[in-house]
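Just so it is clear, none of the values below were taken in a lab; they were calculated from the coordinates. Computed from a predicted model, the values in this text were never measured in an experiment. Counting neighbours? That spans all protein chains shown, and the Cβs are built from the backbone with ideal geometry, glycine included.
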Amino acid sequence: MDSKKKILLIDDDKDFLMATKLILEKGGYEVFLAEDGHSGVETAKSVNPDLAIIDMMMETWSEGFNVVSQLRTSESGKEIPLIMLSAVDLQGPYQSFEPPENLPTVDMVLHKPIKADDLIKYVGQLLEK
Amino acid sequence: MIEKNDAEHILIIDDEESILDGCRQALEKSGYSVITTSDGPDGIRIAREKKPELAFVDLKMPNCSGMDIIELLTKDLPGIVLIVITGYASIVSAVEAMKKGAYDYLPKPFTPDQLRAVTKRGLEHRFLKIEADRLREEKERMEKNFITFVSHEMRSPLVTIQQYIETLKVIAGDDLKKEVFEIIERCDKRIQSLQDLVEHWLDLSRIENGTFSQAKESLALVNILEKSIEELNPLCHRREIRLISDIQKDLPNIMGDQESLLRVFTNIIGNATKYTPAGGTISVDTDFDDYYIYVKITDTGSGIPQDKLPFIFEPFYRVKGKDERQRGSGLGLTFSRKIMEAHDGKIEVTSKEGEGTTFILKFPRLYEL
Ligand SMILES: Nc1ncnc2c1ncn2[C@@H]1O[C@H](COP(=O)(O)OP(=O)(O)O)[C@@H](O)[C@H]1O
């Protein structure tokens, strides 16, 4: 068995980070946390994660997209699978917000809360590829 | 009150030069900035360019209809106050002009004082209208912000709690005593109800302020009904309730929004499962005539007391009774009725305590023109 795969988790909700971290650790991963987009990008540079999970809505409703763009253009985040988390259905008031231009692509979008089994399953699938 | 730091612009369109001169003098004396023209098309051009606060338009001009000017300016410049100048005894055309968007009329001949009084009233009206519009927009904006606030600030903690519960189950599930595990499961259920309540409430608020997005496309009810039945089949199975359906394959299409109708059906059939004991039956059938398409959902459940029936569509209303353990937001039927109304449809209910309940959803038929 080689060393544990590294997962970077970016979300501005500390409790959500804790809860999700424990599930991922139980799944056998090494987990790194970042509480905002900026430190998320920085952490990616220093730890070179194998996969990153990013919350869509942080300081602004679309901060997650900015983080994804930055990761996608950086050396450490260019190739890795990215999962976007969202808690809002993009209905109602959010519809009227302009989505950021050139929406960056992620490998998967998951809705909060996430079932532990699903999370482990999807992360495993994305890392296998 | 109207403040005159920037002089208000007043346009006068009249073919009689003497009237133009008289008006200009009277109004300039009161501090207004006055533009005049004796030519209709020229007046329209000036109005579009200078956007005066108020315009006087002579209804009878030789080569141009004042009525047309009124119509055009009302459409082009929503903020402008239009006042028609009419010859005596032509009240009828003044009324017509007001129907087309003029605010007031000034019969000829008039004195400078009358002119100034009408002008003052018109401008005050404009000011009040602008103020009212502003307040209405402000109110709508606040409502929208509130919905945004709720959807983020209330959902986030709920989601996080759910995630914690999920985590607890995963990392400590095997070590927990059965009783403790049960408590956790109960927390999970209660949080889920709270979450549903928030979702329902958000949906209703969105319908009310018009931000609930609804498509209008031609839909086969058959598909939506089958989907909804499929969704509820496992639940009925577990509760030992028979769910039978008789849906006509030749049911005509309706105009509507698939997602919200699916939720309406699931809501109503879901209610039936909540209030029907094991061994009971829920049946879904359809019918149509020249005017309407009917979806009928009947259960053999506890029924609803006659005196409670009128209230079940009210927000947060729940019938109190033996089914206390059935959780709900009390918003499901409110939502369903709103959605039916948005489809020009109706929702009707009949019920007999101890025997069962029937909901009938009525959709208007769609005819290709
Ligand atoms: N099929 C049914 N049989 C008996 N009672 C019903 C049925 N459907 C609705 N009700 C009554 O109407 C009330 C309002 O329904 P609803 O708005 O869907 O809220 P809830 O979330 O409480 O189900 C329910 O609390 C229940 O008492």
Worksheet item: How large is ³J(HN,Hα), in whole Hz, for each residue of segment B:275-286 in order, when computed from phi with the Karplus curve 6.51 cos²θ - 1.76 cosθ + 1.60 and θ = phi - 60°, using x for Gly and Pro?
Response: 10, 10, x, 4, x, x, 10, 10, 10, 10, 10, 10
Item to complete: Classify the protein assembly as shown as rounded, prolate or oblate, taking a ≥ b ≥ c as the square roots of the eigenvalues of its Cα gyration tensor: rounded when a/c is under 1.5, otherwise prolate if a/b is larger than b/c and oblate if not.
Response: oblate
Fill in: 5 angstrom amide H check on residue B:349, placed H, neighbours 5+ away
B:360
Worksheet entry | Label-reachable residues, segment B:93-108, where backbone N falls under 19 Å from a point 7 Å from residue B:75's Cα toward its Cβ | B:96-103
Worksheet item: Which order, highest average first, do A:115-126, B:139-150 follow once you tally other Cβ atoms within 10 Å for each residue and take the mean per peptide?
Response: A:115-126, B:139-150
Worksheet item: Separation between the residue B:233 and residue B:120 pseudo-spin-labels, each 7 Å from Cα along Cα→Cβ, expressed in nm?
Response: 7.8 nm
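Mind listing which trypsin sites (Lys or Arg not before Pro) in segment B:1-85 are in a DSSP loop and have 14 or fewer other Cβ atoms within 10 Å? Let's see the in-between values first.
Details: sites: B:4, B:24, B:29, B:45, B:48, B:50, B:60, B:75; in loops: B:4.
The qualifying sites are B:4.
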Worksheet item: Can you list the residues, at least 5 places off or on another chain, whose amide H is less than 5 Å from the amide H of residue B:292, using H built in the peptide plane?
Response: B:365
Worksheet item: Over chain B, what relative contact order in percent results from Cα pairs under 8 Å that are six or more residues apart?
Response: 10 percent
Worksheet item: Quick one: if the Förster radius is 41 Å, what FRET efficiency do residue B:350 and residue B:146 give, using the C-beta to C-beta distance and rounding to 0.05?
Response: 0.65
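So what is the calculated 222 nm ellipticity per residue for chain B, using -39500 (n - 2.57) for each DSSP H run with n of 4 or more, over all residues, to the nearest 500 deg cm²/dmol?
Working: 10 runs with 182 residues, N = 369.
Only helices count here, giving -16500 deg cm²/dmol.
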Worksheet, complete the sentence: Non-local residues with an amide H under 5 Å from the amide H of residue B:280, with H modelled 1.01 Å from N and Pro and chain starts lacking one, are B:242
Discussion item. Residue by residue through segment B:301-315, what is 3J(HN,Hα) from phi via Karplus (6.51 cos²θ - 1.76 cosθ + 1.60, θ = phi - 60°)? Round to whole Hz and write x for glycine and proline.
Written reply: x, 6, x, 10, x, 3, 6, 9, 3, x, 9, 5, 8, 6, x
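Can you say what percent of the DSSP beta bridges in segment B:9-110, counting only those with both residues inside, are antiparallel? Round to 5. Before the final figure, lay out the partial values.
Numbers: 2 of 20 bridges.
Here the share of antiparallel DSSP bridges comes out near 10 percent.
Using r as the Cβ-Cβ distance of residue B:24 and residue B:139, and R0 as 41 Å, what FRET efficiency do you calculate, to the nearest 0.05? Show your work: numbers first, answer last.
On the way: r = 41 Å, r/R0 = 0.99.
Using R0 = 41 Å, I get an efficiency of 0.50.
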Fill in: segment B:182-258 and segment B:334-369: distance between their alpha carbon centers, rounded to Å
14 Å
Worksheet, complete the sentence: Among the DSSP H helices of chain B, those whose Cα atoms extend at least 20 Å along the helix axis and whose mean Kyte-Doolittle hydropathy is -1.0 or higher are B:155-172, B:178-209, B:221-238, B:258-274
Item to complete: Note down the magnitude of the dipole of chain B about its Cα centre, charges +1 on Lys and Arg C-beta and -1 on Asp and Glu C-beta and zero elsewhere, to the nearest 20 debye.
Response: 1020 debye
Item to complete: For residue B:193 paired with residue B:242, estimate the spin-label separation in nm (one decimal), with each label point 7 Å from Cα along the Cα-to-Cβ line.
Response: 3.1 nm
Worksheet, complete the sentence: The distance between the Cα centres of segment B:1-55 and segment B:117-161, in whole Å, is 33 Å
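Need one value for A:110-120: mean number of C-beta atoms belonging to other chains within 10 Å of its residues' C-beta atoms.
On the way: counts 0, 1, 7, 14, 4, 5, 7, 2, 1, 3, 1.
Per residue, the number of nearby Cβ atoms from other chains is 4 on average.
Any idea what the dipole of segment B:9-110 comes to, in debye rounded to 20, about its Cα centre with Lys/Arg Cβ at +1 and Asp/Glu Cβ at -1?
Working: 11 positive and 16 negative charges, 60 e Å.
It comes to approximately 280 debye.
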Worksheet, complete the sentence: For segment A:13-29, in residue order, the Karplus 3J(HN,Hα) values (coefficients 6.51, -1.76, 1.60; θ = phi - 60°; whole Hz; Gly and Pro = x) are 9, 4, 5, 5, 4, 4, 4, 6, 4, 4, 5, 5, 5, 4, x, x, 10
Practice prompt. Could you check the simple spin-label distance between residue B:185 and residue B:317, using points 7 Å along Cα→Cβ, in nm with one decimal?
Written response: 3.5 nm
